[in-house]
Each structure stands twice: as C-alpha cells, then as structure tokens.
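> Right, I'll just put the structure down here and ask away after.
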Amino acid sequence: MGTRRMMEIPGFGIDRVAAAVGEDPDVLRLENLDTDLVPPESALRATREAVGEDDANSWLPFTGKADLRRAVADQFRQRSGIEVDPDAQVTITCGDGDAMVDALFITTDPGDEVMLLDPTYAGMINRTRIVGAVPRLVPLAPHDGEWRLDTDALAAAVTDRTRAIFVANPGMPTGNHLNDEEWEAIASICRERDVWLVYLAWMERILFDGRAYRHPASLPDMAERVVHVGCVTMEQRMIGWRIGWLVAPAELGDDAARAHIYNGLTAGGIAQAGAAAALREPAEDVEAATAEWERRRNAILEQLEGLPAVRPAGGWSLLMDVEALGSTPPALSEALVEQKVAATPMTTWGERVSPRFIRFVYSNEPVERLALLGERLRSALDRIA
C-alpha cells in the first residue's frame, strides 16, 4: 500500500505525450523542456578530459569540487552583487531537481505551507509535497497579453504556517517575468512574516525584449532570506550533465550541505568539470543562446496569432488557453498528435488557472520547423470543434 505522501503526487504527463508520438522525425517536439542548442565547446572539452582522471572519479569533496563552488560564487556575486563564501554557502548537487528538494528540506518542516504560483512547474509543486510541506497556489493572470501576479491574492494567502515562497523567474511554463512591484510584494512578505524565498534561477538570464534582470537577493533586507537554486541545465544547455547547486544564507549553509549529502550525495566529478568550464564562459555565450530562443519565441507567436496564447517574457515555453476556445487541453493534445505535434496539457501544473492551458516548448525546434505549427494546430482545433 502506498503512502499518503505519494498518493497526492500525480504522474507527469510529458512522457505519455512523448510515447504517443514515438520517434517520428516529422513530429514537432514541443512537449518537453529540451533544446537542440549545444553547450559551450569549453564545457564539452573539459568533460572529455575529465574522463579517466582519478580526481573526477571520487566521492570527495561531498559538497562539490572547489573550482566549481568558486565559479558558482563568482556568478552569484556578478548577478546579485553579494559576496558569498564558496566553502560555507555553496553546495553542488546532482542537478536542479535535487537542489530544489534540498532547498525545501532546509526551509520547511512537515506541515509547513509553501506559496507557489499558478501555473508553475509541476516539479516545484510536487517536490513541495514530497518533503511533507503543503503547496498554497497564488494565481497568475494574463493582463495586456502577458502574465501578471495577483499581489492581493498573494498577501491574502499568507498564514501563520507559511514558511517559504517558491518561485522561478522567468516562470515555467508561463515565461512570466516578475516586475519590481511583484518582487516587492514577495519581499515584503518575506521580511514582515519571516518567510524564506526559495528562488529557482535556472533560466534567470533567459529574458527577451531587453527586459531588465534583477536578482531577489539584491532587494532590501533580502540577502539573508534567499535560498538560490541554480544549475547549468538551461542557460548553458547542459541538460544531461545533471549539475545544480544551492547558494544559501550563512545560517543555512551547513544545513544545505547535510541535506544534500543524505539526499543526492556526490555530484559526478566528470560532469562537474564541464560545468565549471561552462560557468567561466563570458556572458556572450548565454546572450547568443537567448537571442536564438527569442527568435523562436517570436516565430511561434506568429504561428499562434489570433489565438489565446500568452506572450512569454523569457524562458523556453508558452501557454495557450484551450478552454477559451471551447475545448480542453487533453483533447487538444490528443488531436495534435494526429497532426504530428507533441504538446503537453497543463492539467496538474496548478489548481484553478493551469488546467485551462496547453504548453508549447519552442526551445527545441528551429524557426523553420516552428513555421509548420500554425496549420497543424488549426487542423487539430477543427477536429475537436
């Protein structure tokens, strides 16, 4: 008999869509958060060179190789303006997923409440459940064609059991970008109610339309309240390396190290070598990749013109409101498979808002292939009308 903890956690859904389309090369693969843009050459070279090295084939150090921890601390300082101790405040993890779980372990106890946005990444919601905390979802809503946070609902959702706010910026699957007012609404709760901010920073510099970047730890009195979850998965296009990290306030540094040692243990040394090389690349590396993803964002928006798609401000995906078209996301997803398009319903990626939407990932198909979406999508819509 399963536990109550796992009964609350649904299946992911993406794998079912992927299985339905198989390996057909004609299918537009818009269902999974992948990208075909290659990692930095320096990262590939460093990874190859680490194979066979004794130092890369070791359990130690448990919290990650010193050069990678220093590279993470350097990036954090460059982006937030805050100096951190790479030995005491940085823990290297076995990918972004482990880092999220570690962050929740050190900021919550079973029964504590964690505030998340709706829609948001299902992995954030369900990792909150796995550690025994309770998700409390606050709605995003389309406004002037983009996503905005309902700050009144955010304030109203706080209770005496609230221990953390868990957000990504830009968000996923929405691509929403928190503006100064929204960040301040979040920060004020953290300051006034002594709440942690768990910040998923995996796509934080993948921003479009010249949008300004801001790290939440740079907000007034927030440096000691932010637990930063980072990785090389998205910005550096290193999905298969499975390297992530936590940057924690000094008071949580030892907790973060112990949480990871007894959760993920040691991140692979071969992959750590590649990650360290990637983080030493100049900013132009991420900027070039972001420019290409922005081209693809623009291309898919052209294909969705006239349909209720919400413009993403960054990231790798966008959402379209299927219920506004008189159907359901699962029905449209099934009809799209017949038209050689794979796309995932957002049924379990929130409570009230998310189930209306289907997600299109634009990071894994070139502009030329994305130009096929409009006709195929409209054919699928005609079939379910």
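The values are calculated or read from the model by the stated rules, or taken from the named source; none is laboratory data. Worth saying up front: this structure is predicted, and the values here are computed from it rather than measured. Here the Cβ positions follow ideal geometry from the backbone for every residue, glycine too, while neighbour counts run over all protein chains shown.
> Picking from Thr107, Thr159, Thr93, which residue would you name as being free of Cβ contacts under 8 Å to residues at least 60 places away in the same chain, over 30 Å from Ala324 (Cβ atoms) and β-branched (Val, Ile, Thr)?
That would be Thr159, the only listed residue that is free of Cβ contacts under 8 Å to residues at least 60 places away in the same chain, over 30 Å from Ala324 (Cβ atoms) and β-branched (Val, Ile, Thr).
> Does Ala185 satisfy the criteria of being crowded, with 23+ Cβ neighbours inside 10 Å and in contact with a Ser or Thr (Cβ under 6 Å, 6 or more places away or on another chain)?
No: the conditions fail for Ala185.
> Same structure again: Counting only residues that are surrounded by fewer than 24 Cβ atoms within 10 Å (Cβ to Cβ) and either part of a helix (DSSP H, G or I) or touching a helix residue (DSSP H, G or I) at 6+ places or on another chain (Cβ under 7 Å) (or both), how many does the stretch 239-254 have?
Counting residues in the stretch 239-254 that are surrounded by fewer than 24 Cβ atoms within 10 Å (Cβ to Cβ) and either part of a helix (DSSP H, G or I) or touching a helix residue (DSSP H, G or I) at 6+ places or on another chain (Cβ under 7 Å) (or both) gives 8.
> Now, a different point. Can we say Asp221 is assigned to a loop (DSSP other than H, G, I, E, B), in contact (Cβ under 8 Å) with a residue 40 or more places away in the chain and in the same structural domain as Asp109 (by TED's automatic domain parsing)?
So Asp221 does not fit the description; no.
> Checking the conditions here, which among Glu181, Glu235 is modelled with pLDDT of 95 or more, among the acidic types (Asp, Glu) and in a loop (DSSP other than H, G, I, E, B)?
The unique qualifying residue is Glu235.
> If we keep just the residues of the stretch 255-270 that are within 14 Å of Met100 (Cβ to Cβ) and in contact with a Ser or Thr (Cβ under 6 Å, 6 or more places away or on another chain), which is surrounded by the most Cβ atoms within 10 Å (Cβ to Cβ)?
Among those that are within 14 Å of Met100 (Cβ to Cβ) and in contact with a Ser or Thr (Cβ under 6 Å, 6 or more places away or on another chain), it is His260.
> Right, here's the next one. Can you name the residue in the stretch 118-140 that is among the aliphatic types (A, V, I, L, M), in contact (Cβ under 8 Å) with a residue 60 or more places away in the chain and touching a Phe, Trp or Tyr at 6+ places or on another chain (Cβ under 9 Å) and is also nearest to Ile243 (Cα to Cα) among such residues?
Met124
> Continuing with the same structure: Answer yes if at least one residue in the stretch 328-348 is of a type in the set (D, E, K, R), more than 24 Å from Gly123 (Cα to Cα), modelled with pLDDT of 95 or more and crowded, with 18+ Cβ neighbours inside 10 Å, and no otherwise.
Looking through the stretch 328-348, none of the residues is of a type in the set (D, E, K, R), more than 24 Å from Gly123 (Cα to Cα), modelled with pLDDT of 95 or more and crowded, with 18+ Cβ neighbours inside 10 Å.
> Moving to a separate point now. Looking at (1) free of Cβ contacts under 8 Å to residues at least 40 places away in the same chain; (2) outside the structural domain of Glu192 (by TED's automatic domain parsing); (3) in contact with a Pro (Cβ under 9 Å, 6 or more places away or on another chain), which one does Arg296 not meet, given that it meets all the others?
(1)
> From Ala103, Ala122, Ala99, grab the single residue that is of a type in the set (A, V, I, L, M), surrounded by 23 or more Cβ atoms within 10 Å (Cβ to Cβ) and either out of contact with any strand residue (DSSP E or B) (no Cβ under 7 Å at 6 or more places or on another chain) or modelled with pLDDT under 95 (or both).
Ala122
> Also: When Arg48 is evaluated against the numbered criteria (1) within 22 Å of the chain's Cα centre (by Cα); (2) loosely packed, with under 14 Cβ neighbours inside 10 Å, which criterion, by number, is the only one it fails?
(1)
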